[in-house]
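The values are calculated or read from the model by the stated rules, or taken from the named source; none is laboratory data. Bear in mind the structure is a predicted one, so any value in this text is a computation, not a measurement. Note that we place each Cβ from the backbone using ideal geometry, even for glycine, and neighbour counts take in every protein chain shown. Note: areas computed on protein heavy atoms with side chains; ligands, DNA, RNA excluded. Shrake-Rupley method; radii C 1.70, N 1.55, O 1.52, S 1.80 Å.
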Amino acid sequence: MLRRSRRRSAALVVTVGTLVATLAACGDTGGDDASTIVRTTTNVAGAGVVGIERDTVGLCALPQPADAFGRQGDGRIVVGSGRTVTVPADPQRIVVLSMEALDASCAVGTWERVVGAPTVPLAPTAPPSALPRPDYLGTGIARIAPVGPPSAPDVEAIRALAPDVIVGTDELDPAVRDELDAIAPTVLTRTESSWTDRALLAATAMGRREAASRAVDDYRARAEDVGLRLNSRLTEASVIRFHGDGADVLGDDSFAGQVLTAAGVRRPGPQQGPTAPLPADDLSVAEGDLIYVIFDGPDGLENGRSVMESDAWKDLGAATDGRVFAVDDAAWSGNGVIAARTVLTDLENSLNGYV
């Protein structure tokens, strides 16, 4: 297995929705036999932090041609969440109301046509440079005009942007949906659909389903390649997401779990099923050959640190072996091709490593 040594000075920004926490660590790149092993020297509560120097240059696709199929004059019919909507065949001004639709715009090269996008709330302690959107999508995405949080979009702000199509989810309040319909054709993805189906529908509303299909196929091919190169079938990876009043063991139904499965990574027995709470009195459920930890906001970070500094956590084999890694909540809890690619990159940089 090809492994790389990584010791460097770094400033860590852990993006977890409402959390932006900055840590620091130093080290030198060694040239000895250990250079064949992945290492990380930046850590939080003993967990090595993955993705601290993520390169987002060229992350989003170049503009792709509009779909040739399904056109009816200058429009096309899109069916989403039980609604049939006629949208422009090649929309020029797009408003997205979910992070999954924003991810899709990046994946198919329409992000520069997105004139409005949702924001995520930032912690009071966030530095001025903190982005109001997941930083795994890059800095260009951060400059798109805000239209409020996904759960409560600012209708008047959207109206002022004069979009020719709006892409949201079926979680929108029906009254808000009706107001948006009066502004522009509004396509809603189904929250109960798979993340790939939601990505394809969002891209279809932007006139780029063919590009989205290629992006999904490329992701699947890369996941298989990553798994083969890392010998992923030899590793059982646990994924734990801490929130303010507990923690969840992310199962096969979670976004992270699905990407791990696509890459051939095995899951511990207790995690081969749906997501479930982590028993506070039995941390053995979190055990794996290695453990990925995710922090849901500042409260999740505080709770996670408390648990991970306990004797019960330190007794876990993965913790004893230095095989616990902290990863970006926004990407690992995401929904989209770009988020999935980010998770694959994190796997490449950690699956065969140690802190």
Which count do you get for residues in the range 77-91 that are out of contact with any Asp or Glu (no Cβ under 6 Å at 6 or more places or on another chain) and either in a loop (DSSP other than H, G, I, E, B) or open to solvent by 10 Å² or more (accessible area, probe 1.4 Å) (or both)? 8
Quick one: in the range 92-107, of everything that is of a type outside the set (A, V, I, L, M) and touching a helix residue (DSSP H, G or I) at 6+ places or on another chain (Cβ under 7 Å), which residue is nearest to Gly140 (Cα to Cα)? Cys106
Looking at Glu179 and the list (1) of a type outside the set (Phe, Trp, Tyr); (2) modelled with pLDDT of 95 or more; (3) not in a helix (DSSP H, G or I), which single condition is not satisfied? (3)
What do you reckon, is Val95 open to solvent by 40 Å² or more (accessible area, probe 1.4 Å), assigned to a strand (DSSP E or B), of a type in the set (Val, Ile, Thr) and within 26 Å of Ala340 (Cβ to Cβ)? no
Is there a residue in the range 217-230 that is in contact with a strand residue (DSSP E or B) (Cβ under 9 Å, 6 or more places away or on another chain) and basic (Lys, Arg)? no
When the range 132-144 is examined, which residues are found to be crowded, with 21+ Cβ neighbours inside 10 Å and modelled with pLDDT under 80? Arg133
Which members of the range 233-263 meet the condition of being in contact with an Asp or Glu (Cβ under 8 Å, 6 or more places away or on another chain) and among the basic types (Lys, Arg)? Arg241
Going through the range 340-355 one residue at a time, which ones are of a type in the set (Ser, Thr, Tyr), touching a strand residue (DSSP E or B) at 6+ places or on another chain (Cβ under 8 Å) and open to solvent by 10 Å² or more (accessible area, probe 1.4 Å)? Tyr354
Can you confirm whether Ala340 is modelled with pLDDT under 95 and either under 21 Å from Ser254 (Cα atoms) or among the basic types (Lys, Arg) (or both)? no
Restricting to the range 195-217, what's the tally of residues that are out of contact with any helix residue (DSSP H, G or I) (no Cβ under 7 Å at 6 or more places or on another chain), in contact (Cβ under 8 Å) with a residue 12 or more places away in the chain and either surrounded by fewer than 21 Cβ atoms within 10 Å (Cβ to Cβ) or among the polar types (S, T, N, Q) (or both)? 2
